[in-house]
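Working notes for the structure below.
The values are calculated or read from the model by the stated rules, or taken from the named source; none is laboratory data. This one's a predicted model, so the numbers in the text were calculated from it and none came from an experiment. Here the Cβ is made from the backbone with ideal geometry for all residues, glycine too, and neighbour counts use every protein chain on show.
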């Protein structure tokens, strides 16, 4: 079946640095990927929809300049947390449709970011 | 706006016990409802879904019935196994086509099954 890989699974960084998280579809082409954020004991919150070859669509309240999303190929989307601060520490999860109009999403295992 | 409320965990059960994880939702129109499961170290996987009232989704012995009158989609399994230990997420999508593009998730319920 479809597989989505996220890297890194764990990352610790210093405040003020930028961190890039990759989301790859391993055995299918994903024209659309979604980025979620999960705080401890809270729901997954959709941050943005990433479309291959175009700008991402951000949800209300998500800072575009803070969370840079690039979807340069059909198998890779990246989320860059710029100038990270401790409040950005969270679990970030990506998901993808294995074809346009698909009614099932394939999720990555998530990336835990800790900002010191 | 849309929201999903599910029971807090962790839920600890002995093997072969009956499982219920409650999920209620708030949404306008006719949403589709989903249960996702996340095993340790893995991504969320779709467990089952229902797209209209009175539909029953089922998979791997798990069942959930879309109850519009009580706005609920409770997950049940008659006899759990240790291998069912995971985090379970209830979710809704605003359309009734089953398209899972814009999901609203519950907080997740951790299930631990012991021998």
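In segment A:8-22, is there at least one residue being surrounded by 22 or more Cβ atoms within 10 Å (Cβ to Cβ), closer than 23 Å to residue B:93 by Cβ and under 10 Å from the mean Cα position of the chain (by Cα)? So far as segment A:8-22 goes, no, none of its residues is surrounded by 22 or more Cβ atoms within 10 Å (Cβ to Cβ), closer than 23 Å to residue B:93 by Cβ and under 10 Å from the mean Cα position of the chain (by Cα). Out of all the residues in segment B:64-74, is one or more closer than 24 Å to residue A:36 by Cα and within 14 Å of chain A (Cβ to nearest Cβ)? The answer is no; no qualifying residue exists.
State yes or no: is residue B:112 surrounded by fewer than 22 Cβ atoms within 10 Å (Cβ to Cβ), without any contact (Cβ under 8 Å) to a residue 12 or more places away in the chain and not in a loop (DSSP other than H, G, I, E, B)? Against the criterion (surrounded by fewer than 22 Cβ atoms within 10 Å (Cβ to Cβ), without any contact (Cβ under 8 Å) to a residue 12 or more places away in the chain and not in a loop (DSSP other than H, G, I, E, B)), residue B:112 does not qualify. Determine, yes or no, whether residue B:88 is crowded, with 20+ Cβ neighbours inside 10 Å and away from chain A (no Cβ under 14 Å). No; evaluated as a whole, the condition is false for this residue. Here residue A:87 meets the list (1) surrounded by 14 or more Cβ atoms within 10 Å (Cβ to Cβ); (2) within 25 Å of residue B:104 (Cβ to Cβ) almost entirely, failing just condition (1).
Counted as qualifying within segment A:6-116 are the strands (runs of 3 or more DSSP E) with 2 or more residues that are more than 12 Å from chain B (Cβ to nearest Cβ) and in contact (Cβ under 8 Å) with a residue 60 or more places away in the chain, namely A:10-13, A:19-25, A:76-81, A:111-115. Could you grab me the full set of residues in segment B:69-84 that are touching a residue at least 40 places away in the same chain (Cβ under 8 Å) and either under 23 Å from residue A:42 (Cα atoms) or surrounded by fewer than 17 Cβ atoms within 10 Å (Cβ to Cβ) (or both)? If the condition is that a residue be touching a residue at least 40 places away in the same chain (Cβ under 8 Å) and either under 23 Å from residue A:42 (Cα atoms) or surrounded by fewer than 17 Cβ atoms within 10 Å (Cβ to Cβ) (or both), then B:70, B:71, B:72, B:73, B:74, B:75, B:76, B:78, B:79, B:81, B:82, B:84 are the ones that fit.
The residues of segment B:1-19 that are closer than 19 Å to residue B:105 by Cβ and either assigned to a strand (DSSP E or B) or at pLDDT 90 or above (or both), listed by number, are B:3, B:4, B:5, B:6, B:10, B:11.
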